[in-house]
Amino acid sequence: MNKQLEKSIVLITSADDRKKNVIGTGFTFYREQNYTYLLTCAHVVEDVGGEESLLVDSISPKVLAMGDIQGFDLAVLRVENLNHPLLQLISLSEAENRKFQIPGNYLYGEEKKRRLKIVEGVVGKKSFLTQHNQRVIAWELLINSDYRLRKGYSGAPVVDCRTGDVLGVATNMEKDGAEGLAISVEALSNIWPGIPPTIFSSFTEDLGKGVMLEMVAIPGGTFLMGSPKNEEGKDDTESPQHEVTLQPFYMSKYPITQNQYQAIMGKNPSHFKGGNRPVECVSWYDATEFCQKLSQKTEKIYKLPSESQWEYACRAGTTTPFYFGETITTDLVNYNGNYTYGNSPQGKYRKQTTDVGIFPPNAFGLYDMHGNVCEWCADDWHGNYEGVPTDGSAWLENDEKKHYALLRGGSWSYIPIICRSAYRDIYDRRANLINIIGFRVVCGGGRTL
């Protein structure tokens, strides 16, 4: 058995002697100061007699959050001074055919001895669970014929064999343990209002020949999209301000670089050459083709971000014109420094792109969201936000501009007003000879064609 995985697993039992043969599984996934946070199933907590009877490795925990056992059947527990290694959580919209391991506790033989064993299998088709008009993914678990799930496996992590990340939590078994069900860890965002933003694991894709693609976990949440009436440089296209609620997703840490584009597409159309500079001179169709080929290579679903995903990720919890605050300088962003915004001084005008990641990131750990290159979004262009979706999805009704899509973020040649978090730009999605346009990708949302 994988010793690191084994050490992350906890045994859940009851302090009530009448329930001595009721057990479940949990695992450690987060630590803050002297507290360790555990994940299990809500029905496990109920089966052992509730919080008053609940024991985790013989320690009484605090229940921080619980879902509905008929819906989001997860529970978050907290204990003091438990130093088990942590498992990483990953929220994916597609996981079919992934190989997994499930380490779970069970009672063995007539003596009811407690044992821990790993079963293996592959992820089957997905379905959805619903609670309070919200829904999350549930994965079908197909157990290899040499193994079977047993009573006590409820609450165990479903661990991706390739990455070691937890895709979901085992909630029940069927067909005498030959099949089961797992609820995606995305349900945490729905049942736990105080969820830390760093819970879900970022990850890295190996594109070959030493080229990597870093993907940053963006927590779900609600934000106010658009610009307020008093923001300097505000445009009517940025109105009306409106609330958007998004599920967790992953976004590339940087704009797609020339090395990354070359690794997937086999060519580099950029004007300003440099492997770590953002790719440019790419059309919207080039960008979506990159997403399709990247998806085929990685067996994940990669897409362009929706406009609301882009702004939410850019703002990273801020409400100011830039994620740096009320203004920017050319020490923070690559833009046309001959122009100013607010009280900022004039600065450099570099007249070209720069390597990604040399300026400070935002609170989510994303770089170059302001300046360097404009970034394609999945949405069709609309002249304002009247009728816009509020669930984070791309707005695909065309507004009588068939070939026009959204650009965000500004570029090396743009004045700072155009680099604001709320600024929206329009461009012909067929054009590709512009050295100010690039893109970044998301996993778990957006659109490809």
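Please treat every number below as a calculation from the coordinates, not as lab data. In this text, all values refer to a predicted model and were calculated from it rather than measured experimentally. As a convention, Cβ positions derive from the backbone with ideal geometry for all residues, glycine included, and neighbour counts pool all protein chains shown.
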Size of the stretch 337-442 along its principal axes in angstrom, Cα-based, largest extent first?
40, 32, 27
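Can you give the Rg/Rh ratio of the stretch 112-171, where Rg is from the C-alpha atoms and Rh is the Kirkwood radius? Display every interim value, and only then the final one.
Working: Rg = 13.2 Å, Rh = 13.1 Å.
Rounded to two decimals, Rg over Rh is 1.01.
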Please give, to one decimal in nm, the separation of the simple spin-label points placed at residue 298 and residue 60, each 7 Å out from Cα toward the Cβ.
4.6
Taking alpha-carbon centroids only, the stretch 292-337 lies from the stretch 162-240 a number of Å equal to 15
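Based on a Kirkwood Rh over C-alpha pairs, give the Stokes-Einstein translational diffusion coefficient of the stretch 203-443 at 25 °C and viscosity 0.890 mPa s in µm²/s. Spell out each step's value before the answer.
Working: Rh = 17.7 Å.
Diffusion coefficient, whole number: 139 µm²/s.
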In square nanometres, what is the average projected area of the Cα convex hull of the stretch 30-187?
9.8
Tell me the Kirkwood hydrodynamic radius of the stretch 340-380 in angstroms, computed as one over the mean inverse distance between distinct C-alpha pairs.
12.6
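Per-residue counts of other Cβ atoms within 10 Å, averaged by peptide: what ranking do you get for 241-249, 48-56, highest first?
The packing order, highest mean first, is 241-249, 48-56.
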Past 22 Å, Cα to Cα, is the threshold; run 62/113; 20/99; 267/297; 20/175; 62/151; 273/303 against it and keep the listed order.
62/113; 20/99; 20/175; 62/151; 273/303
Rg in Å to one decimal, and Dmax rounded to a whole Å, for the stretch 252-394 via C-alpha atoms:
16.1, 48
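Under 10 Å from the Cβ of residue 372, count the other residues' Cβ atoms, weight Lys and Arg +1, Asp and Glu -1, and hand me the total.
It works out to a net charge of -2.
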Based on Cα positions only, what radius of gyration and what Dmax would you give for the stretch 166-237, in angstroms?
20.1, 64
Can you list residues whose amide H is under 5 Å from residue 30's amide H, if they're 5+ apart or on another chain and H is modeled 1.01 Å from N?
37
Diffusion constant of the stretch 3-80 at 10 °C, which comes from Stokes-Einstein with the Kirkwood Cα-pair radius and 1.306 mPa s, µm²/s
127
At q = 0.17, 0.19, 0.21, 0.32 Å⁻¹, base-10 log of I(q)/I(0) for the stretch 280-330 (Debye sum, equal scatterers on each alpha carbon):
-0.71, -0.78, -0.83, -1.10
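Pairwise over distinct Cα atoms, reciprocal of the mean inverse distance: report the Kirkwood radius of the chain in Å, one decimal place. Before the final figure, lay out each step's value.
Details: mean 1/r = 0.0428 Å⁻¹.
It works out to 23.4 Å.
I need the peptides 163-176, 346-359 ranked by packing, meaning the mean over residues of other C-beta atoms within 10 angstrom, with the highest value on top. Present the calculation step by step, with values, prior to reporting the outcome.
Values: 163-176: 20.0, 346-359: 16.6.
My ranking of the peptides, most packed first, is 163-176, 346-359.
With a sphere of radius 12 Å drawn around the Cβ of residue 127, what net charge do the other residues whose Cβ falls strictly inside it have (Lys, Arg +1; Asp, Glu -1)?
On the way: positive: 125, 126, 135; negative: 96, 140.
Neighbour charge sum, excluding residue 127 itself: +1.
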Cα centre as origin, Lys/Arg/Asp/Glu Cβ charges: the chain dipole, Debye
1280
Please list, in chain and number order, the residues 5+ apart from residue 426 or on another chain whose amide H is under 5 Å from its amide H, with Hs placed from the backbone.
407
Obtain the radius of gyration and the Kirkwood radius of the stretch 142-280 from its C-alpha atoms and give Rg over Rh.
1.12
